[in-house]
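Written out below as structure tokens is the structure these notes cover.
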Amino acid sequence: MSKLITFAVPCYNSAAYMEHCVETLLTGGEDIEIILVDDGSTKDDTAAICDRYAAQYPHIVKAIHQENGGHGEGVNQGLRNATGFYYKVVDSDDWVDADALQKALAKLRKFAQMEKPVDLFIANYVYEHVEDNTQKVIRYTNVFPVEKIFSWSRMGRFRPSQFLLMHSVIYRTQLLRDCGLELPKHTFYVDNIFVYQPLPFVKRIYYMDIDLYRYFIGRADQSVNESVMVGRVDQQLRVTRLMLQSHNLNKLRQEQPKLARYMTSYLSMMMTISSIFLILDGSPEALGKKTQLWEELRHTDVGLYHKFKYRSLSFACNIPGYQGRKLSVKLYRLARKIYKFN
């Protein structure tokens, strides 16, 4: 039996917190499907918890056990097995707001009955900062029409710290399949591909000003922790390169200029993050990788290369010399403190 929406929850040694996530999703009732993807957990009771929920809620929850493939393969596995008309990924340490979920489901029911259904549903998400017990809501009222079906031509400008993240999007499931979305295995930060590669295939969009997704941030082992990101910088580079290769932004600019402008800004942010963490590593090998990354961009799109290097956010990570690299790191940490993005 098909469902209105599939929530895929990749789980890896998540026993300490995943139940809170699942319990909030269960408030969606019989219209929803929850796919718990146990990604080869070995250190705790994650697998048993997945099976318990599947036995307790057989018409709502599926448990899938796979060899460890990383977060991206968890998303892929959820998509392969999804029966929902719509598809959303929820990380096992995050959760959703029950009241906001009911409002979102009411809209999605209407969209699923349309001859031309909405391809992308957008809602706000909330940073839940564990280190100082504060919250920050990321909303899009300055970017999108509120509670209206629209196309990319109606999109406004994003602020520098404002992007569509996995937390804010719900895609039509078949659109993800039709656009060939396949995230790489054993790679962190693939959520950036998830919210970038499908966008040119999206034609009908809806934004609802509700705080649906709660993004828990601040755990020491989290993938966005600075020291963790330095250690995984090669995976960040892999994701950035895949994004560079996924679309011809010059061609897209002719067809959908506002979307191309946004995707260009997102790509600039990815180049900046990759470069900053290579600078933070500081080894000759890492600095060589930074040079190589920018050379690849120059060969791929010389126009973007000059725009990013001299006229955009990425300028801050290309200040020459040792003192320039120190200044780049200071600017990054200042931005992190102001915008509290990890």
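The values are calculated or read from the model by the stated rules, or taken from the named source; none is laboratory data. Computed from a predicted structure; not experimentally measured. Cβ atoms come from the backbone with ideal geometry, glycine included; neighbour counts cover every protein chain shown. Heavy atoms of the whole protein, side chains included, go into the accessibility calculation; ligands, DNA and RNA do not. Shrake-Rupley method; radii C 1.70, N 1.55, O 1.52, S 1.80 Å.
Odds and ends about this structure:
- Residues in the range 322-342 that are modelled with pLDDT under 70, assigned to a helix (DSSP H, G or I) and surrounded by 13 or more Cβ atoms within 10 Å (Cβ to Cβ): 335, 336, 339.
- Of all residue pairs spaced 6 or more apart or on separate chains, those with beta-carbon atoms under 9 Å, a first member in the range 234-247 that is small (Gly, Ala, Ser) and a second member that is modelled with pLDDT of 95 or more and assigned to a helix (DSSP H, G or I) are 246/193.
- From the list 300, 272, the lone residue that is at pLDDT below 95 and under 24 Å from the mean Cα position of the chain (by Cα) is 272.
- Options 75, 22; residue that is out of contact with any His (no Cβ under 9 Å at 6 or more places or on another chain), closer than 21 Å to residue 128 by Cβ and modelled with pLDDT of 95 or more: 22
- Looking only at residues of the range 148-183 that are under 14 Å from residue 117 (Cβ atoms) and among the β-branched types (Val, Ile, Thr), we find that the one that is farthest from the chain's Cα centre (by Cα) is 149.
- Candidates 237, 259, 242, filtered to the one that is over 18 Å from residue 201 (Cα atoms), among the hydrophobic types (A, V, I, L, M, F, W, C), within 18 Å of the chain's Cα centre (by Cα) and modelled with pLDDT of 95 or more: 237
- Residue match in the range 276-286 (condition: of a type in the set (S, T, N, Q) and closer than 19 Å to residue 153 by Cα): no
- Qualifying residues in the range 54-82 (those that are polar (S, T, N, Q) and closer than 18 Å to residue 40 by Cα) - the one nearest to the chain's Cα centre (by Cα): 76
- So residue 319, is it at pLDDT below 90 and either surrounded by 13 or more Cβ atoms within 10 Å (Cβ to Cβ) or under 23 Å from the mean Cα position of the chain (by Cα) (or both): yes
For (1) closer than 15 Å to residue 144 by Cβ; (2) open to solvent by less than 10 Å² (accessible area, probe 1.4 Å); (3) part of a helix (DSSP H, G or I); (4) touching a helix residue (DSSP H, G or I) at 6+ places or on another chain (Cβ under 6 Å), each residue gets a yes or a no:
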position: 174; (1), (2), (3), (4): no, no, yes, no
position: 180; (1), (2), (3), (4): no, no, no, no
position: 189; (1), (2), (3), (4): no, no, no, yes
position: 192; (1), (2), (3), (4): no, no, yes, yes
position: 196; (1), (2), (3), (4): no, yes, no, yes
position: 210; (1), (2), (3), (4): yes, no, no, yes
